[in-house]
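Reviewing the structure listed below.
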Amino acid sequence: LITYLWRAKQPYNVSAAAEVAACTALENVEYMNTIRDLLVGERGVMMRQLETISYLEPYKSHSNFILCKVKEGMDAQDLKQRLQDRYGVMVRHYNKALLKGYIRISVGMPEQTQILMAALRDIDDDH
């Protein structure tokens, strides 16, 4: 029975409150444009800064995240864990073969980018 339920499940769980909030936000075009512009701007800032990290190879993005290849000499899963344990920074790592050596970094607020970059630079200095 569980197998059949998982087949019918939507890819992302969204609460009723979150759905109402999203629909309301979508109705406010000016707000959505402002948020989009802020996201695109911060993504550019983050991309330029990620390009300075010796052990990362970031890929150009048109989304709310940047995919980065973790270069030889550094393990992607270890990097994810170090960021989380030492700095409280969360990035996504995939165990699937195709993306095993990559991390996914979500674009956030400028303060979050600063914290991320300080952590990555600190690790770069140790590398």
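The values are calculated or read from the model by the stated rules, or taken from the named source; none is laboratory data. From a predicted model like this one, the values you see are computed outputs, not experimental measurements. Virtual Cβ from ideal backbone geometry, glycine too; neighbours counted across all protein chains shown. These accessible areas exclude ligands, DNA and RNA; they are computed on the full protein's heavy atoms, side chains included. Shrake-Rupley method; radii C 1.70, N 1.55, O 1.52, S 1.80 Å.
A crude spin-label estimate for the pair THR34 and ALA21, with each label 7 Å from Cα along the Cβ direction, gives 1.7 nm.
The fraction of accessible area contributed by carbon and sulfur in the chain is 55 percent, rounded to a whole number (1.4 Å probe; ligands and nucleic acids excluded). For volume of the Cα convex hull per residue in Å³, computed directly from the structure shown, the correct entry in [x] 141; [y] 150; [z] 90 is [y]. Taking every alpha-carbon pair under 8 Å whose residues sit at least 6 apart, the chain reaches a relative contact order of 20 percent. Helix 110-126 sits at what angle to the longest principal axis of the chain, using alpha carbons and giving 0 to 90 degrees rounded to 10? Between the helix axis and the principal axis of the chain, the angle is about 30 degrees. For the chain, the Cβ-based charge dipole about the Cα centre amounts to some 580 debye (Lys, Arg positive; Asp, Glu negative; other atoms uncharged).
Computed from Cα atoms, the angle from the helix 76-87 axis to the main principal axis of the chain rounds to 90 degrees.
The residues of the chain expose on average 72 square angstrom of accessible surface per residue, using a 1.4 Å probe on protein heavy atoms.
I'd like the orientation of helix 29-50 relative to the chain: the angle between its Cα long axis and the longest Cα principal axis, in ° from 0 to 90, rounded to 10. So the helix axis and the longest Cα principal axis differ by about 20 degrees. Length available on full extension from ASP126 to LYS71: 0.36 nm per residue minus the Cα-Cα distance, which gives 18.3 nm.
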